[in-house]
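Taking it in order: structure first as structure tokens, then the write-up.
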Amino acid sequence: MKSEIETLGPCKIKIKVEIPTDEIRDKVEEKYNEVRQNVQLPGFRKGHVPRPILEKRFGKSVEADAKVDLIEKSIAKTLEEKKIQAVGDPDMDPEKIEFALDKPLNFELTVETKPEIKPKDYLGVAVTKKKSEVTDEDLTKALDRLAEARAEWMPAEVVADDDMVIADLTLKDGETQILSEENMRVVVSKDIEVAHQPAPQVYKALLGAKSGDTRSAALDMPADHKDEKLAGKKVTFAAVVKEVKHLNKPAINEEWAKSLDYESLDAVKTELKRRLSSEKDAAALRGVETEILDDLLKKHEIPLPEALLRKFAERSEERAKLDLQLRGISAEEAGKMVEKERDGSRGELEKTLRSHFLLEAIGQKERIFVTEDEVESRIDQMAMAYRRNPGEVRGELEERGQMSELRSTLREEKIRRFLREKAKITETN
């Protein structure tokens, strides 16, 4: 077999392959032997059917099978010998390639490849890190959130700020009904939204409502609304209130602290402050890693394989459509909404891919890899968080084909941590 490589541009090459006739005949003979050993024809013992009869009965399928086998193995061999890291499937159609026993098999294909990156200037990147101080306001909010977690929704007479209503909701354009939902739970707060738009009019309309009341408000939808049915429309929101509930939060005092199995309220505050400090420090470190990577992306030209980018974009759009449909938006409208966001999401996808390739190149150069002990440790953490058996979690990851993704995530985390540890970090307020 002979092969030649021609560079067509960044991340794209053409491979020309020629397979000589002796290899073709050997492969065809191999395929006939396989057929002979596996078919049973009347009048012949298994494994003893004459070649002419096999040719008459199976000739076309044998040659087609031999051709595909020769093409696939020659491509794999070429990529391995030339050390080509291909992404996506080769651009070729085997059915259009001429095949004969008395002349060489010639074909060519285009392949997209990983970008060649020579990492530079990635050690000692100068970045800033915010001090992760826990303020009194942070602690107060954390205590309030903890109390809310133990709060209960209790029946109430009249809707007040931050109360919940259970209501039948409609949205109309004149007499045309656009949306209708029954028994929806809505928290009546100043930041309430309708159809993904701030709706202070609805907040004001619902305040003071009682069970059995109908409240309505007129809303002006923006001209660039994601849902074309609503774009630029003056619509009417209506709510038939069925129930009113008030969130009954426990008082934050010593008795409440003891109900949480703490010795005192001060002990609760100490524990919350420790958690907040840990969370803030982790967020600050993630910010440092992001700043380092943004700096490095500016220093490296990283062309992207179009096929891979297209595949990433398609997967991302399908996930976004599914999320919208799960929120009650029709498949057609979800498709239109995702299409409007396509340009912006593509930019984020490009950045994600460039970051991935750059981190991979740095990891390769620095010989940063993930051990099986590290994989097991992460699975144990996931199992603890899900309150599951580690073996069950691993089994599910393997069944869904997500183990390689887990290893890739862990490796990127290690590389990011390595870059952070080597960076020149200045702490700021």
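Results for (1) under 17 Å from residue 18 (Cβ atoms); (2) surrounded by fewer than 15 Cβ atoms within 10 Å (Cβ to Cβ); (3) within 31 Å of the chain's Cα centre (by Cα), shown as yes or no for each residue.
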{"site": "47", "(1), (2), (3)": "no, yes, no"}
{"site": "63", "(1), (2), (3)": "no, no, no"}
{"site": "96", "(1), (2), (3)": "yes, yes, no"}
{"site": "114", "(1), (2), (3)": "no, no, yes"}
In the stretch 261-281, the residues that are outside any helix (DSSP H, G or I) and surrounded by fewer than 14 Cβ atoms within 10 Å (Cβ to Cβ): 261, 263, 264
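The rows are residues; the columns are (1) touching a residue at least 60 places away in the same chain (Cβ under 8 Å); (2) over 26 Å from residue 243 (Cα atoms).
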residue	(1), (2)
119	yes, yes
138	yes, yes
176	no, yes
185	no, no
Take the residues in the stretch 56-82 that are without any contact (Cβ under 8 Å) to a residue 12 or more places away in the chain and of a type in the set (Asp, Glu), then tell me which one is nearest to residue 3 (Cα to Cα). 80
Is it the case, given these coordinates, that residue 186 is crowded, with 17+ Cβ neighbours inside 10 Å and over 31 Å from the mean Cα position of the chain (by Cα)? no
Here the residues within the stretch 98-112 that are surrounded by fewer than 12 Cβ atoms within 10 Å (Cβ to Cβ) and acidic (Asp, Glu) are 98, 102
Within the stretch 367-419, can you find the residues that are under 26 Å from residue 285 (Cβ atoms) and assigned to a loop (DSSP other than H, G, I, E, B)? 367, 368, 369, 370, 371, 402
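Table: residues versus (1) of a type outside the set (Asp, Glu); (2) touching an Asp or Glu at 6+ places or on another chain (Cβ under 6 Å); (3) in a helix (DSSP H, G or I).
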{"residue": "3", "(1), (2), (3)": "yes, no, no"}
{"residue": "6", "(1), (2), (3)": "no, no, no"}
{"residue": "13", "(1), (2), (3)": "yes, no, no"}
{"residue": "22", "(1), (2), (3)": "no, no, yes"}
{"residue": "28", "(1), (2), (3)": "yes, no, yes"}
{"residue": "33", "(1), (2), (3)": "yes, no, yes"}
{"residue": "36", "(1), (2), (3)": "yes, no, yes"}
{"residue": "41", "(1), (2), (3)": "yes, no, no"}
{"residue": "44", "(1), (2), (3)": "yes, no, no"}
Identify, by number, the condition in (1) within 20 Å of residue 363 (Cβ to Cβ); (2) in contact with a helix residue (DSSP H, G or I) (Cβ under 9 Å, 6 or more places away or on another chain) that residue 404 doesn't meet. (2)
Does residue 353 count as touching a residue at least 60 places away in the same chain (Cβ under 8 Å), closer than 16 Å to residue 114 by Cα and part of a helix (DSSP H, G or I)? no
Would the stretch 151-161 turn up any residue that is in contact with a Lys or Arg (Cβ under 8 Å, 6 or more places away or on another chain), under 30 Å from residue 278 (Cα atoms) and surrounded by 11 or more Cβ atoms within 10 Å (Cβ to Cβ)? yes
So, residue 423, is that one surrounded by 12 or more Cβ atoms within 10 Å (Cβ to Cβ), at pLDDT 90 or above, in the same structural domain as residue 297 (by TED's automatic domain parsing) and small (Gly, Ala, Ser) or not? yes
Residues of the stretch 353-376 satisfying the condition of being more than 15 Å from residue 303 (Cβ to Cβ) and polar (S, T, N, Q): 364, 371
Hey, does the stretch 139-157 have a residue that's more than 30 Å from residue 91 (Cβ to Cβ), touching a strand residue (DSSP E or B) at 6+ places or on another chain (Cβ under 6 Å), among the polar types (S, T, N, Q) and not assigned by TED's automatic domain parsing to the domain that holds residue 274? no
Out of everything in the stretch 84-108 that is in contact with an Asp or Glu (Cβ under 6 Å, 6 or more places away or on another chain) and outside any loop (DSSP other than H, G, I, E, B), what residue ends up being farthest from residue 9 (Cα to Cα)? 106
Can you confirm whether the stretch 3-13 contains a residue that is surrounded by 15 or more Cβ atoms within 10 Å (Cβ to Cβ) and of a type in the set (S, T, N, Q)? yes
Looking only at the stretch 202-216, decide whether some residue is in contact (Cβ under 8 Å) with a residue 60 or more places away in the chain, basic (Lys, Arg), surrounded by 14 or more Cβ atoms within 10 Å (Cβ to Cβ) and more than 30 Å from residue 256 (Cα to Cα). no
Go through (1) closer than 30 Å to residue 354 by Cα; (2) modelled with pLDDT under 90; (3) surrounded by 15 or more Cβ atoms within 10 Å (Cβ to Cβ) one by one and return the number of the condition residue 82 breaks. (3)
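The values are calculated or read from the model by the stated rules, or taken from the named source; none is laboratory data. All values reported here derive from a predicted model rather than from experimental measurement. Cβ sites come from the backbone with ideal geometry, for glycine too, and all protein chains shown count toward neighbours.
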